[in-house]
Amino acid sequence: MYPEEFKYTREHEWVKVDGDVGVAGLTFHAQQALGDIVYVELPKPGTRVEQGKPLGTVESVKAVSEIYAPVSGEVIEVNEALAQAPELVNRDPHGEAWLVKIRLSAPEELASLLTAAQYGELVAEES
Amino acid sequence: MAAGKPLQRTPLYEVHRELGARMVEFGGWEMPLQYSGVVQEHLAVRQAVGLFDVSHMGEIEIRGPEALTLAEYVTTNQVSRLTVGQAQYSALLYQHGGFVDDLLVHKVSDDHYFLCVNAANQEKDYQHISSLNRFRAEVIFAGPRYAQLALQGPRALDTLRKLTPLDVAAIAYYYFVDGEVCGVAARIARTGYTGEDGFELYLAPEAAPQVFRGLLGAGQEFGIRPCGLGARNTLRLEARMALYGHEIDATIRPPEAELSWIVKMNKGEFVGRAALERLAATGVRRKLAGFEMRGPGIARDGYPVYVDGRPAGWVTSGGPAPYLNKNVGLCFLPVECAEVGRRIQVGIRGRLVEAEIVRTPFYKRSKPS
């Protein structure tokens, strides 16, 4: 369910790091808890984000939720497909529906994130 | 609500859990928010049929020789116009003209009126009506005696007729009959809160699981889905129906909420009448308007509304309209800013996003041929 090569936040974001760039998204559990996702608001490329601080918002039919940055750095790319097809987040949250790519400014932060096993436990506790 | 007060559960709680519903607190009740998903459930009601547990809704009965006199005095619509077996949408007002609640009034007989009120308001409504009962009518708090199911959608009739010997097709819109569903006594009303054809069934709580399951089985061939409060809200918003605490509350008066049609000023004395006469003399300053988002973003309840960049009102209900595939909302605006076609802006997380006042309801079903 939760890919081993990802790191996870307690707020249900994931990040997959390759070199100094992290791809970030929402977890399967997050999209399931949100329900039908109808809108995703993301920062423009060039925006600096800070770990644990708001990165954007995701809206289901029913509610608005914050997305938090799993790592600090500069947003270098945004998944433009989500503007037209936010429902991708429900369909493929760990793949096609990645949210942003961030150039890491503090790679040591990764140590504070959860492993797939730890995140799996967190989700089991919550549900 | 009072902290620590345990949530109430409907007689269908176990059924909801079995069906995999996600539960949510609403008005002091633990209710299903959704089963398969709000959008799927919404579309099922627009295109086929959906079944809702609305047992949290309250029932109040007014009985006795002076039942009509009391009902006429506490509600705004004209109760004396009802024939036996007919229902009407109405309101309870304070003397100052603000809403205590909105409700349905059913005439069971000349000396018996059956009121369906909002879940979170039922005790307040009962106290309100009782306190105005100087007519010696009997006012009965009947919520615990009834479960309520809403069967809604173009195939609601086909579903229900399989389970009752009654000719339910003959029940006209806003009429009701006391009959049987699945062999269980039920009050069958052709009413609803979705903008579709459908029925609301009032029955004994202990019979609710059997009837709920019976309806789901009967509706299977039509694509029935159990539906939660999520879809109930998006459906009523598309159909522009008011929700207490949003479009109406103690600070809002009927003409402001575009509900003058449920106030019959010529029927004689009723609570709130004098205040509404004064309001008519001075004129209404704000009113409810429907809008569609033109820019990217979704308006939500409570977001500020701007006209020409200046604060002008607030969103009472907003969100996606799943059948129309648009983002819509209702808002209060100064009367002079509320005309159809007017551009407004909605404040979404500090950003002003364009929207346009449109005609409502956003969705209106085509009349059955």
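Exactly one residue out of A:113, A:42, A:55, A:82 is within 14 Å of another protein chain (Cβ to nearest Cβ), in contact with a Pro (Cβ under 7 Å, 6 or more places away or on another chain) and over 22 Å from residue B:22 (Cβ atoms), and it is A:55. When you check residue B:339 against the structure, is it of a type outside the set (Gly, Ala, Ser) and part of a strand (DSSP E or B), yes or no? No, not satisfied.
One line per residue, one yes/no per condition, for (1) within 14 Å of chain A (Cβ to nearest Cβ); (2) more than 22 Å from residue A:60 (Cβ to Cβ):
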residue	(1), (2)
B:7	no, yes
B:15	no, yes
B:27	no, no
B:30	no, no
B:34	yes, no
B:41	yes, no
B:49	no, yes
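Can you find even one residue in segment B:69-90 that is charged (D, E, K, R) and in a loop (DSSP other than H, G, I, E, B)? No: segment B:69-90 contains no residue that is charged (D, E, K, R) and in a loop (DSSP other than H, G, I, E, B).
Filtering segment B:59-72 for residues that are crowded, with 16+ Cβ neighbours inside 10 Å and under 18 Å from the mean Cα position of the chain (by Cα) leaves a non-empty set.
The residues listed here are A:97, A:33; of these, the one that is surrounded by 22 or more Cβ atoms within 10 Å (Cβ to Cβ) and small (Gly, Ala, Ser) is A:97. Would a scan of segment B:295-302 turn up a residue that is free of Cβ contacts under 8 Å to residues at least 12 places away in the same chain and either surrounded by fewer than 20 Cβ atoms within 10 Å (Cβ to Cβ) or in contact with a strand residue (DSSP E or B) (Cβ under 6 Å, 6 or more places away or on another chain) (or both)? Looking for residues that are free of Cβ contacts under 8 Å to residues at least 12 places away in the same chain and either surrounded by fewer than 20 Cβ atoms within 10 Å (Cβ to Cβ) or in contact with a strand residue (DSSP E or B) (Cβ under 6 Å, 6 or more places away or on another chain) (or both), one finds none in segment B:295-302, hence no.
Residue count for segment A:58-75, restricted to those that are within 14 Å of chain B (Cβ to nearest Cβ), free of Cβ contacts under 8 Å to residues at least 40 places away in the same chain and among the β-branched types (Val, Ile, Thr): 3. Scanning segment B:319-351 for residues that are under 15 Å from residue B:246 (Cα atoms) and either more than 11 Å from chain A (Cβ to nearest Cβ) or of a type in the set (Phe, Trp, Tyr) (or both) yields B:328, B:329, B:330, B:331, B:332, B:333.
Screening residue A:15 with (1) modelled with pLDDT of 95 or more; (2) touching a helix residue (DSSP H, G or I) at 6+ places or on another chain (Cβ under 9 Å); (3) within 14 Å of chain B (Cβ to nearest Cβ) gives one miss only, at (3). Based on this model, can you work out whether residue B:13 counts as of a type in the set (Phe, Trp, Tyr) and free of Cβ contacts under 8 Å to residues at least 40 places away in the same chain? In short, yes. Of the candidates A:74, A:66, the single residue that is in a strand (DSSP E or B) and surrounded by fewer than 14 Cβ atoms within 10 Å (Cβ to Cβ) is A:66.
Checked against (1) within 14 Å of another protein chain (Cβ to nearest Cβ); (2) out of contact with any helix residue (DSSP H, G or I) (no Cβ under 7 Å at 6 or more places or on another chain); (3) without any contact (Cβ under 8 Å) to a residue 60 or more places away in the chain; (4) surrounded by fewer than 19 Cβ atoms within 10 Å (Cβ to Cβ), residue A:125 passes all but a single condition, namely (1).
One residue is enough: does segment B:275-291 have a residue meeting the conditions within 14 Å of chain A (Cβ to nearest Cβ), surrounded by 19 or more Cβ atoms within 10 Å (Cβ to Cβ) and in a strand (DSSP E or B)? Looking through segment B:275-291, none of the residues is within 14 Å of chain A (Cβ to nearest Cβ), surrounded by 19 or more Cβ atoms within 10 Å (Cβ to Cβ) and in a strand (DSSP E or B).
So for segment B:187-200 (the condition being farther than 14 Å from residue B:158 by Cβ, crowded, with 24+ Cβ neighbours inside 10 Å and in contact with a Lys or Arg (Cβ under 7 Å, 6 or more places away or on another chain)), does at least one residue qualify? The answer is yes, given that some residue of segment B:187-200 is farther than 14 Å from residue B:158 by Cβ, crowded, with 24+ Cβ neighbours inside 10 Å and in contact with a Lys or Arg (Cβ under 7 Å, 6 or more places away or on another chain).
The values are calculated or read from the model by the stated rules, or taken from the named source; none is laboratory data. Keep in mind the model is a prediction, meaning the values are calculated, not measured. Please note: Cβ atoms are built from the backbone with ideal geometry, for glycine as well, and neighbour counts cover all protein chains shown.
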